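The values are calculated or read from the model by the stated rules, or taken from the named source; none is laboratory data. Bear in mind that the values here come from a model prediction, so they are computed numbers and not experimental data. Positions of Cβ are backbone-derived with ideal geometry, glycine not excepted, and every protein chain shown enters the neighbour counts.
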Amino acid sequence: MIQAQNDSPTPTNSPTETVKRPSRSAAEWVTFGIASLILAAIAGLVVYGWATKRDLPPVLTIHQTETVRETNGQFYVPFEISNAGGETAKSVQIIAELRVNGTVKESGDLEIDFLSENERQAGAFVFDQDPRQGELRLRVSSYKAP
Amino acid sequence: MGTSRERRNQWAGELNDLIRGASGGFLFGIPLLYTMEVWWVGSSANPPRLLLALLLTFAIVFMLNRTAGFRRTRDIYAIDAAMDTVEAMAVGAVCAGFVLVLLQEINLQTPLNEALGKLIYESIPFTLGVALANQFLSGSPQENQQESSANPGSDQGTLHATFSDIGGTLIGAMIIAFNISPTDEIPMLASAVTAPWLLLIMAASLHISYAIVFAAGFANQQKRQQQQGIFQRPLSETIMSYLVSLLAAMVMLVFLTS
């Protein structure tokens, strides 16, 4: 390796200084070109994300994705939550309440760590009673600003 | 010396430099890759902070490249160090991105800003590792020669040398993995993984290990030829190191998890 680089005569741009490093080979220029492209792409995407970022607070929507699934006497209610706003929401609290005849029979809560712009997360609430017999409410109760 | 040979040497040398850089990046960057706090910081960082992180990485790695660097040659001009820094950052970003995809932290559903945040924050330790690769993975040629002449190594039995290889692998595995194995990220990542994805992770581990063995091979070629163990070809060495690592991981998981 070392020999390979020392073998080629080293043309120096400034003969007054001692040059330990030979001038860049074609291979080094090619990798430098590719590397610059990669970095430029990353920086460009950051700037693009910056330019298109909407200055909106989080807009959190939650909805039930599938029908209720019953297994072993338990009722699974799958849901999906998404953030249509511009900022990230932290510690998003989701509450599910099952009301039968106007009184809350069962409730569940769940915390989602992070929900950034356009991000979706899925989960499920589990009830002992059939949610189809009563009124099921899924709602987001709170979040923290990042 | 013919021109074609010179050119081939150039490319081989460049490839070798890049592989050494990437290996250093993996060695240094892996523990932070398995840290969910870094993912979170990346997820919630805003674009100006990401640009600042890129600039800071550049500044730090530039200073490192003035003294260390991943190339065999020393950078004495600032412009060389700057160009090497760009390359180190690109190698770091590619490696970090690859592992983030492998760990399913970045997938097709990840929003752009979040993916960029994770990538940029995780690529900082990788880039530092790339810049330190020479310190990790190579001794100076003189040093190697001294060691190999001081250690004729012919009176060691093959069996003994093989055991010392395995022991070295085991110690290395412990040093790198001890700060990963007791963390919550492992069960968390494992719970989300599917069987085909596991096979992909195994394939990637083997390739990365092979690259590191290959890079280390260039550093200590002479010393290695003195070694008498049965695992002296890069392929068998890689597979042996993978098996030893699996064993070490199993032992650590048994002892470190409740």
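Looking across segment B:34-53, the residues that are crowded, with 18+ Cβ neighbours inside 10 Å and closer than 21 Å to B:Thr85 by Cα come down to B:Leu50, B:Ala53. In segment B:16-28, the residues that are more than 10 Å from B:Ala88 (Cβ to Cβ) form Cβ pairs under 9 Å with partners that are of a type in the set (Asp, Glu) and surrounded by fewer than 24 Cβ atoms within 10 Å (Cβ to Cβ), at six or more places apart or across chains, as follows: B:Asp17/A:Glu28.
Looking at A:Val47, is it aliphatic (A, V, I, L, M) and not assigned by TED's automatic domain parsing to the domain that holds A:Arg137? Considered against the rule, which asks whether it is aliphatic (A, V, I, L, M) and not assigned by TED's automatic domain parsing to the domain that holds A:Arg137, A:Val47 comes out as yes. Among the residues of segment B:113-124, at least one is of a type in the set (Ser, Thr, Tyr), in the same structural domain as B:Tyr34 (by TED's automatic domain parsing), within 29 Å of A:Ile34 (Cβ to Cβ) and modelled with pLDDT of 90 or more.
Restricting to segment A:109-131, and then to whatever is under 20 Å from the mean Cα position of the chain (by Cα), surrounded by fewer than 18 Cβ atoms within 10 Å (Cβ to Cβ) and acidic (Asp, Glu), can you tell me which residue is farthest from the other protein chains (Cβ to nearest Cβ)? Only one residue fits best here, namely A:Glu111.
Could you please let me know if B:Val86 is closer than 27 Å to B:Ile212 by Cβ, at the interface with chain A (Cβ under 9 Å from one of its Cβ atoms) and surrounded by 24 or more Cβ atoms within 10 Å (Cβ to Cβ)? Against the criterion (closer than 27 Å to B:Ile212 by Cβ, at the interface with chain A (Cβ under 9 Å from one of its Cβ atoms) and surrounded by 24 or more Cβ atoms within 10 Å (Cβ to Cβ)), B:Val86 does not qualify. With respect to the conditions (1) within 23 Å of B:Ile19 (Cβ to Cβ); (2) at pLDDT 90 or above; (3) within 9 Å of chain A (Cβ to nearest Cβ), B:Leu51 falls short on a single one, namely (1). Taking segment A:56-74 as the range and being among the acidic types (Asp, Glu) and either outside the structural domain of A:Arg120 (by TED's automatic domain parsing) or over 27 Å from A:Ser91 (Cβ atoms) (or both) as the test, only A:Glu70 passes. In a residue-by-residue description of segment B:193-204, the property of being under 26 Å from B:Val86 (Cα atoms), modelled with pLDDT of 85 or more and either surrounded by 14 or more Cβ atoms within 10 Å (Cβ to Cβ) or more than 19 Å from the chain's Cα centre (by Cα) (or both) applies to at least one position. Listed conditions (1) over 16 Å from the mean Cα position of the chain (by Cα); (2) more than 11 Å from every other protein chain (Cβ to nearest Cβ) are all met by B:Gly29, apart from (1).
Does B:Leu102 satisfy being more than 10 Å from every other protein chain (Cβ to nearest Cβ), under 23 Å from A:Ser116 (Cα atoms) and at pLDDT below 85? It is false that B:Leu102 is more than 10 Å from every other protein chain (Cβ to nearest Cβ), under 23 Å from A:Ser116 (Cα atoms) and at pLDDT below 85.
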